[in-house]
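The values are calculated or read from the model by the stated rules, or taken from the named source; none is laboratory data. Everything numeric in this text was worked out from a predicted model, so none of it was measured. Heads up, the Cβs are rebuilt from the backbone with ideal geometry, glycines too, and the neighbour counts pull from every protein chain shown.
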Amino acid sequence: MSGILPSAASLYHRVRRIIPALEWAAFSDDVEAILALKRERNAVILAHNYQTPEIFHCVADIVGDSLALARKAMATEADVIVLAGVHFMAETAKLLNPQKTVLIPDLRAGCSLADSITAEDVRLLRQRYPVVPVVTYVNTSAEVKAESDICCTSGNAKAIVESLGVPRVIMLPDEYLAQNIAAQTDVQIIAWKGHCEVHERFTPADIRELRESHPGVTVLAHPECPPEVVAEADFSGSTAAMSDYVGRQKPPRVVLMTECSMSDNVAVEHPEVEFIRPCNLCPHMKRITLANIRAALEQNRHVVTIAPEIAGRARLAVERMLAV
């Protein structure tokens, strides 16, 4: 870390339209401590797009969706990686950085999708469909990745599916993502019935009510939403694709049908855009706080470990994705 180092006071300027001054007063001590701890430990913080603005804009070094975090994790020269996100993301960072210390600030930061399938489930699917390749969403445990042929994200799923050059694939575990990708390709997709507890709650009626209440609003939906929600939206894409859309198209008024901290984070970069916020929070993402990021760096907790016999196979599935 070199150059002019930021302070909590200077960082507040970035988020002053999103975070009230009184609220920032409760954050500033932790921000200052985290900035110092990163320097002392040669640590970087990777933050997913669903993290709150004081984490995403003020202490994170690398931000983005799952694919961006996976790619950029490999390039860091830090000794310590703190993953401000959920557990499968920390595992992915560890898979790609086996020699580095990877920390997750709260072990309870899980994922309904990751919890919806086990390695044994994948083995049983392979018995039922013995010649069909398994494409596994990164929102899964390392054990499930290890049973897969290749991983994907919501942003590259179509490209991954079509890169295999086969007529049929198994796509796990998000049923809605699989259905939304199936509508875009001629490849037959066998889906699993896993759902994201945030995105499955959105309905077409929600979109129609938003359009009625906010005339002219542009609706962007994450592909983990049900297909009928995606069909009602103006655009569907990963968190990175939604952010890029806002930056490119500059819609006067927009709603992001995804975890609501995403809107706060994109709004910081685009003050000219009005964001309507139908707030569905991810309880797992919100377990990550400035306080437990600070504690992770101070106490070296919680260290992410993956059994070697699982890590090698899981890493191969992730690396195949990154090669595509």
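A single entry from Glu232, Glu175 fulfils the requirement of being surrounded by fewer than 23 Cβ atoms within 10 Å (Cβ to Cβ), touching a Phe, Trp or Tyr at 6+ places or on another chain (Cβ under 8 Å) and modelled with pLDDT of 95 or more: Glu175.
Exactly one residue among Ala93, Ala70 is crowded, with 24+ Cβ neighbours inside 10 Å, touching a residue at least 40 places away in the same chain (Cβ under 8 Å), in a helix (DSSP H, G or I) and touching a helix residue (DSSP H, G or I) at 6+ places or on another chain (Cβ under 7 Å), and that residue is Ala93. Say we look at segment 96-118 and pick out the residues that are among the hydroxyl-bearing types (Ser, Thr, Tyr) and over 13 Å from Met285 (Cα atoms); which of these is nearest to the chain's Cα centre (by Cα)? If we take residues in segment 96-118 being among the hydroxyl-bearing types (Ser, Thr, Tyr) and over 13 Å from Met285 (Cα atoms), then Ser116 is nearest to the chain's Cα centre (by Cα).
Residue-by-condition table, conditions (1) modelled with pLDDT under 95; (2) over 18 Å from the mean Cα position of the chain (by Cα); (3) surrounded by fewer than 23 Cβ atoms within 10 Å (Cβ to Cβ):
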{"position": "Val63", "(1), (2), (3)": "no, no, yes"}
{"position": "Val86", "(1), (2), (3)": "no, no, no"}
{"position": "Glu120", "(1), (2), (3)": "no, yes, yes"}
{"position": "Thr136", "(1), (2), (3)": "no, no, no"}
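Being small (Gly, Ala, Ser) and within 30 Å of Val254 (Cβ to Cβ) is a description that applies to Ala205. If only residues of segment 262-282 that are in a loop (DSSP other than H, G, I, E, B) and free of Cβ contacts under 8 Å to residues at least 24 places away in the same chain are counted, the one that is farthest from Gly216 (Cα to Cα) is Cys279.
In segment 296-305, of all residues being out of contact with any helix residue (DSSP H, G or I) (no Cβ under 7 Å at 6 or more places or on another chain) and either surrounded by fewer than 18 Cβ atoms within 10 Å (Cβ to Cβ) or at pLDDT below 95 (or both), the one that is farthest from Ala60 (Cα to Cα) corresponds to Thr305. Please work out which residue is surrounded by the fewest Cβ atoms within 10 Å (Cβ to Cβ), limiting yourself to segment 249-261 and to residues that are of a type in the set (S, T, N, Q) and outside any loop (DSSP other than H, G, I, E, B). If we take residues in segment 249-261 being of a type in the set (S, T, N, Q) and outside any loop (DSSP other than H, G, I, E, B), then Gln249 is surrounded by the fewest Cβ atoms within 10 Å (Cβ to Cβ). Applying a threshold of 7 Å to beta carbon distances and a minimum spacing of six or more residues, or different chains, the list of pairs starting in segment 188-204 at a residue that is in a loop (DSSP other than H, G, I, E, B) and ending at one that is of a type in the set (Val, Ile, Thr) reads Trp192/Ile117; Phe202/Val229; Thr203/Val229.
Taking the criterion of being within 23 Å of Lys100 (Cα to Cα) and either within 24 Å of the chain's Cα centre (by Cα) or surrounded by 17 or more Cβ atoms within 10 Å (Cβ to Cβ) (or both), the residues of segment 8-40 that qualify are Ala33, Ile34, Leu35, Leu37, Lys38.
Among the candidates Arg17, Arg41, single out the residue that is in contact with a Pro (Cβ under 7 Å, 6 or more places away or on another chain), touching a residue at least 60 places away in the same chain (Cβ under 8 Å), charged (D, E, K, R) and more than 30 Å from Ile150 (Cβ to Cβ). Unique residue meeting the criteria: Arg17.
Here is a check on your reading of the model: is Val144 more than 20 Å from Ala93 (Cα to Cα) and buried (at least 21 other Cβ atoms within 10 Å of the Cβ)? Taking the combined requirement at face value, the residue does not satisfy it. The residues on offer are Leu107, Leu46, and the sole one that is at pLDDT 95 or above and part of a loop (DSSP other than H, G, I, E, B) is Leu107.
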